[in-house]
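These notes are about the structure you will find just below.
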Amino acid sequence: MAKSTTQYICQSCGAVYAKWAGRCEGCGEWNTLTEESRTETPKALGGGPRGGRKIELVGLAGQSAAPPRMPTGISELDRVTGGGLVPGSALLVGGDPGIGKSTLLTQAAAALAGTGVSVAYISGEEAVAQVRLRAARLGLTDANVGLASATNLRDIAATLDDPNGPKVVIIDSIQTMYLDSLDSAPGSLSQVRACSHELIRLAKTRGFALFLVGHVTKEGSIAGPRVMEHMVDTVLYFEGERGHQFRILRAVKNRFGATDEIGVFEMTDGGLVEVANPSALFLAERRGNVSGSCVFAGMEGTRPVLVEIQALVATSGAGSPRRAVVGWDSGRLAMVLAVLEARCGLALAGNDVYLNVAGGLRIAEPAADLAVAAALMSSATGTPVPADVAVFGEIGLSGEVRPVSQADVRLKEAAKLGFAEALAPPRRKPRGGKAGATGKGDQSKTTEALRVREVGHLQDLVALFPVDALAQKAGEKADSGTKGSKDRAEAAGRQRDDG
Ligand code: TYD
Ligand code: MG
């Protein structure tokens, strides 16, 4: 007999504690420990026999065909899943409430039904009437989708455990499902884990593709269990900004395809519409041809994210110049300014400098250095960075541009979002090549539709802007007795050519 005392389980990572604490030592999250009964170790519906069968061990080589695929009929969804749904696989679709998960899956269900696949849509959040209302709004009432409103997993399992059952099952959402053998409330870690386990087991034995909808917390992980991400084959995030109509479906994990694929949709009155050319949508968010703006090809965890960096270099009034940074590290900005001055001869130190990462994102990566430098140069010289150029690279104290992680992922994302050119650090390669003049020479490479211009030194970036005018301006402003910026630029240039 198990002791029926209580225990505290982190709803984020699943760590178990005997005592409550404000912070989980396992994952560092706050307020994630909840009290659950100790007897509630998740158990599959029937339990199981004590004695096991012998399993057969086989060799690595063998005849295993590539998994068959069910195209969903929504090409952006197919792209993200790696070419369609795999029978017997489980997909977790995460996203903020109201972002459009139910809309996406209703449309996917209808599209799948249209290809002759039997689909079951089980909603635990909405009544049948509500789901029908959405379908009507989407113009999908004719689709042959089996619809139910249920939350008791025992009933759902009994329905799905059928050799002639549906080939695709959508559970909206996993946080509303419950197993009556557990005491915990729906949405608790025990419930979510046990229900997912049971549904995934059914998907494997009955061979249907399973969609599990999961809510996302403020911090961006799927509510409750990070554990769930390990249980499923594919994790998709459905993201978008409030007030913007675009939505991105992103594969964070995929056992059957690449994880750096994104699907782009637009939320309209008639539901989600696939966006064939995402760059058009994204560039519409920015003002083109404005100086002081530059697109940074960044990474957020495993996800590539392109963000706009805005800089304003203004003539300073009396007193010490102002520095204001939103969304980036002010120490890093000071470093970039210092390197621009010391290695490239550009004196911006006397100016007010403002830096802003558009959209409220906070960037922690040093990889943003080069994009920040480009935005600063753009503002200082009044020269817009072309709207189809993305930039990334870390700047060292001697002005060298260093390789950063995931360059390919960044480039792929930039290419995917329709950018034509990237300014990037040189590839890591055997030493010996001359790291000199940039430009159209052998340093330009092409990745798919994207032209990659390798920037080996901050001076190579500075050379892309009309610095002569800037240097003159600075020279005029500076007292004629002191050494002008132009001289310093030349000195720095000479110094570098020697090296
Ligand atoms: P929904 O799919 O219910 O979100 P989730 O399941 O992720 O919580 O979508 C809710 C939002 O989508 C709602 O605010 C209204 C909007 N919407 C449209 O703009 N157009 C549509 O055709 C539909 C069905 C929803
Ligand atoms: Mg919903």
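Values for this structure:
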{"read-out": "Set Ala347, Ala373, Ala380: member being at negative phi and within 30 Å of the chain's Cα centre (by Cα)", "value": "Ala373"}
{"read-out": "Residue satisfying all of: in segment 64-105; more than 16 Å from ligand 2 (Cβ to nearest atom), buried (at least 24 other Cβ atoms within 10 Å of the Cβ) and assigned to a helix (DSSP H, G or I); modelled with the lowest pLDDT among these", "value": "Val80"}
{"read-out": "Subset of segment 400-418 (residues that are surrounded by fewer than 21 Cβ atoms within 10 Å (Cβ to Cβ) and closer than 18 Å to Leu333 by Cα)", "value": "Glu400, Arg402"}
{"read-out": "Residues of segment 109-131 classified as exposed (fewer than 15 other Cβ atoms within 10 Å of the Cβ) and more than 13 Å from ligand 2 (Cβ to nearest atom), total", "value": "4"}
{"read-out": "When residues of segment 106-131 are limited to those that are touching a residue at least 12 places away in the same chain (Cβ under 8 Å) and in a loop (DSSP other than H, G, I, E, B), the one farthest from His215 (Cα to Cα)", "value": "Thr115"}
{"read-out": "Segment 169-212, subset small (Gly, Ala, Ser) and within 16 Å of ligand 2 (Cβ to nearest atom), residue nearest to Leu147 (Cα to Cα)", "value": "Ser173"}
{"read-out": "Qualifying residue in segment 276-293 (condition: within 30 Å of Gly382 (Cα to Cα), buried (at least 16 other Cβ atoms within 10 Å of the Cβ), at pLDDT 90 or above and among the hydroxyl-bearing types (Ser, Thr, Tyr))", "value": "yes"}
{"read-out": "Selection status of Ser181, farther than 25 Å from Val275 by Cα, surrounded by fewer than 23 Cβ atoms within 10 Å (Cβ to Cβ) and out of contact with any strand residue (DSSP E or B) (no Cβ under 9 Å at 6 or more places or on another chain)", "value": "yes"}
{"read-out": "Of all residues making up segment 122-137, the number that are within 12 Å of ligand 1 (Cβ to nearest atom), within 30 Å of the chain's Cα centre (by Cα) and among the aliphatic types (A, V, I, L, M)", "value": "2"}
{"read-out": "Test result for Gly95, out of contact with any Pro (no Cβ under 8 Å at 6 or more places or on another chain), more than 14 Å from ligand 1 (Cβ to nearest atom) and not hydrophobic (A, V, I, L, M, F, W, C)", "value": "no"}
{"read-out": "Any hit, segment 38-51, residues being at pLDDT below 80, more than 16 Å from ligand 2 (Cβ to nearest atom), of a type outside the set (A, V, I, L, M) and touching a strand residue (DSSP E or B) at 6+ places or on another chain (Cβ under 6 Å)", "value": "yes"}
{"read-out": "Positions within segment 395-417 being part of a loop (DSSP other than H, G, I, E, B), in contact with a helix residue (DSSP H, G or I) (Cβ under 7 Å, 6 or more places away or on another chain) and closer than 18 Å to Val372 by Cα, in sequence order", "value": "Leu397, Ser398, Gly399, Val404"}
{"read-out": "Any hit, segment 160-173, residues being more than 15 Å from Glu198 (Cα to Cα), assigned to a strand (DSSP E or B) and within 14 Å of ligand 1 (Cβ to nearest atom)", "value": "yes"}
{"read-out": "Flag if Val119 is in contact with a helix residue (DSSP H, G or I) (Cβ under 6 Å, 6 or more places away or on another chain), more than 13 Å from ligand 1 (Cβ to nearest atom) and under 24 Å from Met231 (Cβ atoms)", "value": "yes"}
{"read-out": "Selection from segment 419-430 of residues that are assigned to a loop (DSSP other than H, G, I, E, B) and either acidic (Asp, Glu) or surrounded by fewer than 17 Cβ atoms within 10 Å (Cβ to Cβ) (or both)", "value": "Ala420, Arg427, Arg428, Lys429, Pro430"}
{"read-out": "Enumeration of residues in segment 320-363 that are within 30 Å of Phe246 (Cα to Cα) and of a type outside the set (A, V, I, L, M, F, W, C)", "value": "Gly327, Asp329, Tyr354, Asn356, Gly359, Gly360, Arg362"}
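The values are calculated or read from the model by the stated rules, or taken from the named source; none is laboratory data. Here the structure is a predicted model, which means the values were calculated and not measured. We place every Cβ from the backbone using ideal geometry, glycine too, and count neighbours over all the protein chains shown.
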